[in-house]
1. Residues of the range 248-273 being of a type in the set (F, W, Y) and closer than 18 Å to R125 by Cβ, which ones?
2. Could you check the range 1-94 for helices (runs of 4 or more DSSP H) lying wholly inside it with 3 or more residues that are free of Cβ contacts under 8 Å to residues at least 24 places away in the same chain?
3. Given (1) at positive phi; (2) part of a strand (DSSP E or B), where does R217 come up short, assuming only one miss?
4. Can you report the number of residues in the range 229-287 which are part of a helix (DSSP H, G or I) and of a type in the set (K, R)?
5. Just wondering, is there one or more residues in the range 137-146 that are at pLDDT below 95 and open to solvent by 70 Å² or more (accessible area, probe 1.4 Å)?
6. Please go through the range 147-179 and give me each residue that is modelled with pLDDT of 95 or more, under 26 Å from P15 (Cβ atoms), part of a loop (DSSP other than H, G, I, E, B) and of a type in the set (D, E), ordered by number.
7. State all residues of the range 224-241 that are among the hydrophobic types (A, V, I, L, M, F, W, C), over 19 Å from L258 (Cα atoms) and open to solvent by less than 50 Å² (accessible area, probe 1.4 Å); if no residue qualifies, say none.
Amino acid sequence: MGLIYNDGMPYYEVPELTEEEKAMPASRFYTDYKLYPPNPLQQQILDAGPMAVEDAIPIEHWLDHLQIKGYPKVCYGYTMMPEGYGFYIEYSVSPVTWQGKWRRWYGKWYNQHSKSMVQGQGNLRYKIWNPLDHWDHRFVNGENDKDGVWSLETLDLGATGDPSKGIPAISHNIDLRDYGLSEERYQKLLDANCRADACWEEFEGHPGHHLVLRFSRPCPLGGRESINCEWMGFYAKDGKIIRDEDTPVDNTYLKNVLTHNTIERQHLYEVLPDLYEAYSALPVDKD
């Protein structure tokens, strides 16, 4: 998979759908919306290489930037930390017209297969989000995220050309109030329309753990701004953040993940409003 240029505007070539997938009405959201690379400013930052270690957020301060106002010194970048774990931070702003209900609906919709999906061909609903790297996504218990969420994707921007060859992961949500966020601070964030949630990831048949923290709040210029971080080499259990030194990570991997997340976020901003309008009122198994 590579970039295609049309009148100077680059977009990604994406894997072709199966014949069964092409027959599903939802396939138009995969084929009719081009997948674009990061914008020029983001790409410039990515290509500049790792951020300075002293500008990264160390794991011992992982909740410090959950504030109603103010920003970390660097809000977009990645680096390996001296202790051997990886870190990235991703800043973005949603369109002014963006509605949170769209994303909440999609979180339930793409974790369930439609009636015509063929086993072994992945999950078309998840592929729509990032056609370059996504393959499958589902609730572990088939109903909700209480027992974790299973996913299969690549994070190499299509370099393998086969997202089904990715590493299976299971994501587990955690309550930040069990991990250092006081009830008072939590309520102040809620009152200011700020939202924070976290999860940790494990990988089936492979070593390593990741800790993810997502934070959003009203942007002074309109829309909502998100400051999302990930520490590769940690997980959460019984109220403690635990180090996993066997987690494989390097700067190339970090750059790829940040690029992947940037691409899929801006793509969802484009696709999801139309997808929600077309499917939100239909039965959950509708093709």
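1. The answer is Y269, and nothing else.
2. Numbers: elements: 19-22, 28-31, 40-47.
Result: 40-47.
3. Answer for R217: the failing condition is (1).
4. 2
5. yes
6. Hits for the range 147-179: nothing passes.
7. In the first step, residues of the range 224-241 are kept if they are among the hydrophobic types (A, V, I, L, M, F, W, C); the result is 227, 229, 231-232, 234, 236, 241.
Those still in the list that are over 19 Å from L258 (Cα atoms) too: 236, 241.
Across the range 224-241, the qualifying residue is only A236.
Rundown of residues vs (1) within 16 Å of the chain's Cα centre (by Cα); (2) outside any strand (DSSP E or B); (3) closer than 18 Å to R103 by Cα, yes/no style:
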residue: R185; (1), (2), (3): no, yes, no
residue: C199; (1), (2), (3): yes, no, yes
residue: L211; (1), (2), (3): yes, no, no
residue: L221; (1), (2), (3): no, yes, no
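The values are calculated or read from the model by the stated rules, or taken from the named source; none is laboratory data. Every value quoted in this text rests on a predicted model; they were computed, and no experiment measured them. All Cβ positions, glycine included, derive from the backbone under ideal geometry; neighbour counts span all protein chains shown. Areas reflect the complete protein model, heavy atoms only, side chains present, ligands, DNA and RNA absent. Shrake-Rupley method; radii C 1.70, N 1.55, O 1.52, S 1.80 Å.
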